[in-house]
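Peer 1: One structure coming up, written as structure tokens, with questions to follow.
The values are calculated or read from the model by the stated rules, or taken from the named source; none is laboratory data. This one's a predicted model, so the numbers in the text were calculated from it and none came from an experiment. With ideal geometry, Cβ positions are generated from the backbone for all residues, glycine too; neighbour counts draw on all protein chains shown.
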Amino acid sequence: MTIDKIDEVLILELQKDGRCSYTTMANAAKISLSTVYRRVKRLVDDEIIEISGIVDYDKLGLVAHAIIGLDVDLGKIDSVCEKLANIPNVSYVGSSFGRFDIIFYIHFSSPKMLSKFIKTELSKMEGILDSEAFLIADIKKKILHWSIGKMDSNLLQKDHT
């Protein structure tokens with residue numbers, strides 16, 4: 001699926017204001033309301049965009065952020081990822097190549113709560129061989145959404161090799 005300049009305008013408008021009206025988008029893209037409706041529906045159906053509320057963890061009092069890397073029994077990677085994904089404080093889980101088999105982001109109200117999680121929950125999860133936690137001291141850049149306006153169109157090209 002590719003996107004064109006009109007799709008880019010619609011996406012940018014939604015990124016500025018997720019509650020943007022179809023009339024505003026139609027005016028910005030210089031297209032009809034029915035075309036906006038059809039295109040936004042296609043972008044959502046094709047999973048190019050999703051429209052949702054974004055939670056700011058800091059404002060909820062979850063100010064202890066950590067990135068945790070796990071060494072996992074290779075046969076258990078998917079099941080460990082699934083367990084982690086079901087933990088409400090976890091915002092990202094991914095299997096990876098390199099030093100760790102799994103990397104995830106987790107948020108707590110204090111470093112003490114993070115330590116408790118590692119000792120009482122993570123250490124008992126079947127398949128985990130080792131872990132390393134990185135408590136984030138000071139966030140210098142936090143992107144709550146990826147802006148299409150800053151996207152390099154070359155990144156969208158498929159590798160056909």
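Peer 1: Among the residues of region 96-138, what is the count of those that are closer than 16 Å to GLY61 by Cα, part of a helix (DSSP H, G or I) and of a type in the set (D, E, K, R)?
Peer 2: 1
Peer 1: Out of all the residues in region 11-38, which are part of a helix (DSSP H, G or I) and at pLDDT below 95?
Peer 2: Keep residues of region 11-38 that are part of a helix (DSSP H, G or I), which gives 11-16, 22-29, 33-38.
ILE11, LEU12, GLU13, LEU14, GLN15, LYS16 - these are the residues of region 11-38 that are part of a helix (DSSP H, G or I) and at pLDDT below 95.
Peer 1: To continue, here is another question. For residues that are of a type in the set (Gly, Ala, Ser) and in contact (Cβ under 8 Å) with a residue 24 or more places away in the chain, scanning just region 1-59, find the one that is nearest to ILE139 (Cα to Cα).
Peer 2: Kept after step one, since they are of a type in the set (Gly, Ala, Ser), are these residues of region 1-59: 18, 21, 26, 28-29, 32, 34, 52-53.
Filter once more, so that each one left must be in contact (Cβ under 8 Å) with a residue 24 or more places away in the chain: 18, 52-53.
Details: GLY18: 25, SER52: 23, GLY53: 21 Å.
My answer is GLY53.
Peer 1: If only one of LYS41, LYS112, LYS119 is at pLDDT 95 or above, in contact with a strand residue (DSSP E or B) (Cβ under 9 Å, 6 or more places away or on another chain) and loosely packed, with under 11 Cβ neighbours inside 10 Å, which one is it? Walk me through it before giving the result.
Peer 2: Numbers: LYS41 fails: in contact with a strand residue (DSSP E or B) (Cβ under 9 Å, 6 or more places away or on another chain); LYS119 fails: in contact with a strand residue (DSSP E or B) (Cβ under 9 Å, 6 or more places away or on another chain).
Of the residues listed, the single one that is at pLDDT 95 or above, in contact with a strand residue (DSSP E or B) (Cβ under 9 Å, 6 or more places away or on another chain) and loosely packed, with under 11 Cβ neighbours inside 10 Å is LYS112.
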